[in-house]
Amino acid sequence: MIRIRDLKKVYGKTPALAIAQLEIGDGEMFGLVGNNGAGKTTMFRLILDLIEATGGEVQIKSMPVQKHEDWKMITGSYLDEGFLIDYLSPSEYLSFVGRLHGWSADDYSRFYLSLEGFCADELLNGKKPIRSLSQGNKNKIGIVAALMGNPEIVILDEPFAHLDPSSQIILKRLLKKINSERGTTLLISSHDLTHVTEVCNRIVLLEEGLILKDLHTAGGTLGELEAYFSKA
């Protein structure tokens with residue numbers, strides 16, 4: 001599904017990412033962990049062709065992302081509030097995203113029911129512009145937009161940040177559901193090791209732009225990660 005070869009990003013003389021080879025298969029729930037500056041967001045931005053690589057290539061379904069556009073139709077993502085149109089209300093913004101996918105009102109209604117209460121009615125139907133919302137509610141709107149259109153791939157950077165405990169639990173359940181029912185490939189970064197080990201069946205640890213560990217999640221994975229970060 002996603003193939004990375006000799007991918008490099010350098011800012012000035014400072015290397016930010018250097019991945020010789022990485023493949024993420026169809027239907028994987030892939031987690032990315034690392035301290036601040038490890039290269040997590042850089043990697044996601046390169047996969048989404050939001051920044052130019054210094055070298056190497058990312059392919060989605062055998063399509064180099066720098067040379068093709070079709071992969072965008074099967075990929076949903078939310079990395080930060082820059083993805084939002086913040087002068088719109090949540091309902092205006094989500095209606096806009098729905099129209100991009102050719103959705104009808106019935107399509108949106110079915111989608112809303114599938115969210116299992118992740119977003120309250122007063123948030124989705126509120127009149128305030130997105131820019132006036134709390135950071136947690138902005139993240140909710142961004143995540144919901146990323147899931148619209150039933151994408152084959154969903155990329156989320158720190159999706160659990162700023163969410164209340166109830167929303168974190170619902171989101172974990174929702175992500176597992178779309179993976180099990182639709183086979184959606186999920187790429188998730190998180191500073192919360194508990195969340196990422198609960199959701200993801202594979203976790204890559206980045207440090208200074210390099211892959212240090214590539215783990216298949218098992219009973220001891222959380223302890224292994226905690227032991228690493230306690231020494232970092």
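The values are calculated or read from the model by the stated rules, or taken from the named source; none is laboratory data. Please read all numbers here as calculations on a predicted model, not as lab measurements. Here the Cβ positions follow ideal geometry from the backbone for every residue, glycine too, while neighbour counts run over all protein chains shown. Heavy atoms of the whole protein, side chains included, go into the accessibility calculation; ligands, DNA and RNA do not. Shrake-Rupley method; radii C 1.70, N 1.55, O 1.52, S 1.80 Å.
Using the crude model of +1 on Lys and Arg Cβ and -1 on Asp and Glu Cβ, and no other charge, please compute the dipole size for region 34-190 relative to its Cα centre, in debye to 20.
220 debye
Extension gain, residue 202 to residue 182, is 5.4 nm, computed as 0.36 nm per intervening residue step minus the present C-alpha separation.
Under 11 Å from the Cβ of residue 112, count the other residues' Cβ atoms, weight Lys and Arg +1, Asp and Glu -1, and hand me the total.
Values: positive: 110; negative: 106, 107, 116, 121.
Neighbourhood net charge equals -3.
Calculated on the alpha-carbon coordinates, the convex hull of region 96-232 measures out at 139 cubic angstrom per residue. Calculate how many DSSP beta bridges within region 111-232 are antiparallel, expressed in % of all such bridges and rounded to the nearest 5. Counting only bridges with both partners in region 111-232, antiparallel ones make up about 55 percent. Considering only alpha-carbon pairs that sit under 8 angstrom and 6 or more positions apart, the relative contact order computed for region 5-89 is 26 percent. Residue 191 contributes an accessible area of around 100 Å² to the protein surface, as traced by a 1.4 Å probe with all chains present.
Which percent, to the nearest 5, of DSSP beta bridges fully inside the chain are antiparallel? Of all bridge pairs located within the chain, approximately 55 percent are antiparallel.
Annotation: peptides 29-35, 110-116, ranked by per-residue average of other Cβ atoms within 10 Å with the highest first, follow the order 29-35, 110-116.
When the label point is put 7 Å from the Cα of residue 81 along its Cα-to-beta-carbon vector, which residues of region 149-165 have a backbone N closer than 15 Å? Residues 161-163 fall inside that zone.
A 1.4 Å probe run over the chain, with the rest of the protein chains in place, finds 48 Å² accessible per residue. Please report the base-10 log of the normalised intensity I(q)/I(0) for region 27-112, using a Debye sum with one equal scatterer per alpha carbon and no solvent, at each q in 0.15, 0.18, 0.19 (1/Å). Result of the Debye calculation: -0.78, -1.03, -1.09. If I compute solvent accessible area with a 1.4 Å probe over the protein chains, what percent of it on region 106-150 is carbon and sulfur? C and S atoms contribute 49 percent here. Considering only 52, 207, 69, the Gaussian network model of the chain with Cα springs below 10 Å gives its largest mean-square fluctuation to 69. The stretch between residue 213 and residue 35 holds 62.7 nm of extra length on full extension. This uses 0.36 nm per residue minus the Cα-Cα distance. For Cα Rg over 2.2 N^0.38 Å, the value calculated from this model appears in (i) 0.95; (ii) 1.01; (iii) 1.13 under label (ii). Over 20 Å apart at the Cα level, from the set 140/177; 9/67; 8/213; 140/213; 138/172; 140/176, are 140/213.
Computed from label points 7 Å out along Cα-Cβ, the spacing between residue 62 and residue 132 is 5.1 nm.
You can think of it this way: the chain between residue 164 and residue 96 has 21.8 nm of extra reach, that is 0.36 nm per residue less the Cα-Cα gap. Spatially, region 26-57 and region 135-175 are offset by 18 Å when compared through their Cα centroids.
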